[in-house]
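Everything on this sheet refers to the single structure shown next.
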Amino acid sequence: MRLKDIAIFGVGGFGREVLTLIQDINRVEPSYNIIGFFDDGHEQGEMINGIPVLGKTDELNQWNTELAIAISIGNPSVKKQVVEKITNPKVSYPTLIHPTTIIGAPEYVTIGKGCIICAGNMITTNVEIGDFMILNLGCTVGHDTVIKDYAAFMPSCNISGEVLIEEGVYCGTGVKIINQTSIGEYATIGAGAVVTKPIPARCTAVGVPARVVKQEANLT
């Protein structure tokens, strides 16, 4: 079987972790031919962990063969901007799931395109995940949870059952979200916070229990 060409957009620390994720997938079942990185802040030809930088967004938009892209950017707003700038119809966005991830009832879990699910995650049952979501190392997602596009969870986040996560939410390392609550779109939850009640959109919440410390003035 021919391996699918794949490149990683973003050469930062998470980009290098995504590289190891793809390598781990290949060790279990050879699937991808890793051809390089794209990054608007690095020059073509630069080597990152033995892998070349192939260019910036302009070069990616001119790529003339089928190419899978993993967007390795943690900031949801920036990630969405990058996706919107990629106009090449030959680009696709596979969902990458580390072989150690446990999905309790795969027939009742839906996961969109372009998601990155790192090592040691557990997803139980009746879970809906949108596009371009990140589950970093060692997170858990409980039953009947809905996670919308571009949400990002850093290592060791725990999401209890019946939780609604709107688009673009960012949860720092070790965030806990109790059952039957929600987080509004593009909210940021600080590391170690415990969400015990609904968090509004476009705010920053920190602490135990999580409380809003910053709210965007214009929510339109």
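The values are calculated or read from the model by the stated rules, or taken from the named source; none is laboratory data. Worth saying up front: this structure is predicted, and the values here are computed from it rather than measured. Note: ideal-geometry Cβ built from the backbone for every residue, glycine included; neighbour counts use all protein chains shown. Only protein heavy atoms, including side chains, enter the accessible area calculation; ligands, DNA and RNA are left aside. Shrake-Rupley method; radii C 1.70, N 1.55, O 1.52, S 1.80 Å.
Farthest toward the positive end of the dipole of the chain, out of N49, T65, S77, is the Cα of S77, where the dipole comes from beta carbon charges about the Cα centre.
Rounded, prolate or oblate: which fits the range 126-194 when a ≥ b ≥ c are the square roots of the eigenvalues of the alpha-carbon gyration tensor, with rounded for a/c under 1.5 and prolate only if a/b beats b/c? Verdict is rounded for the range 126-194. Stretched out straight at 0.36 nm per residue, the stretch from K4 to V194 would grow longer than its current Cα-Cα span by 64.4 nm.
Taking all protein chains together, R202, R2 sort by accessible area into R2, R202, largest first [probe 1.4 Å]. For the chain, the dipole from Cβ point charges (+1 on Lys and Arg, -1 on Asp and Glu) about the Cα centre works out to 400 debye, to the nearest 20.
Against the longest alpha carbon principal axis of the chain, how many degrees, from 0 to 90 and to the nearest 10, is the axis of helix 13-28 turned? Orientation of helix 13-28: about 70 degrees from the principal axis. Extension gain, E66-A105: 0.36 nm per intervening residue step, less the Cα-Cα distance, totals 10.8 nm. Note on the chain: Cα-only Rg and Dmax are 17.5, 53 Å.
Taking all Cα pairs closer than 8 Å and separated by 6 or more residues, the relative contact order of the range 176-220 comes to 32 percent. Beta bridges per DSSP, both residues in the chain: antiparallel share near 10 percent. Relative to the longest principal axis of the Cα atoms of the chain, the long axis of helix 76-85 lies at roughly 40 degrees.
Taking a point 7 Å out from the Cα of N126 in the direction of its Cβ, the residues of the range 157-175 whose backbone N falls within less than 14 Å of it are 161-164.
Amide H contacts of R202 (H built 1.01 Å from N, in plane; Pro and chain starts excluded): E185, Y186, A187 sit under 5 Å, all sequence-distant by 5 or more or on other chains. Using θ = phi - 60° in the Karplus curve 6.51 cos²θ - 1.76 cosθ + 1.60, the 3J(HN,Hα) couplings for the range 109-119 round to 10, 10, 10, x, 7, x, 7, 10, 10, 7, 5 Hz; x is entered for Gly and Pro.
When a/c reaches 1.5 or more, the comparison of a/b and b/c decides; with that in mind, is the range 1-66 rounded, prolate or oblate per its Cα gyration tensor? It comes out oblate by the Cα gyration axes. FRET efficiency for R27 and E59, Cβ-Cβ distance as r, R0 = 35 Å, nearest 0.05? So, using R0 = 35 Å, E works out to roughly 0.75.
Computed on the range 66-220, with alpha-carbon pairs under 8 angstrom and 6+ residues apart, the relative contact order is 13 percent.
In whole percent, what relative contact order does the range 26-157 give with Cα contacts below 8 Å and a gap of six or more residues?
After rounding, I find 16 percent.
For the range 28-108, the share of accessible area belonging to carbon and sulfur comes to 51 percent (1.4 Å probe, ligands and nucleic acids excluded).
Computed over the Cα atoms of the range 69-127, the ratio of the radius of gyration to the Kirkwood radius (Rg/Rh) comes to 1.03.
What does the accessible area per residue of the range 137-210 come to in Å², with a 1.4 Å probe and no ligands, DNA or RNA counted?
36 Å²
Take the alpha carbon gyration tensor of the range 48-174, find the square roots of its eigenvalues, order them as a ≥ b ≥ c, and report rounded if a/c is under 1.5; if not, report prolate when a/b exceeds b/c, else oblate. Here the range 48-174 falls in the prolate category. Averaged per residue, the range 1-105 has 50 square angstrom of accessible surface, using a 1.4 angstrom probe with ligands and nucleic acids left out.
In the chain, helices alone account for a calculated mean residue ellipticity at 222 nm of -4000 deg cm²/dmol, with every DSSP H run of four or more residues adding -39,500 (n - 2.57).
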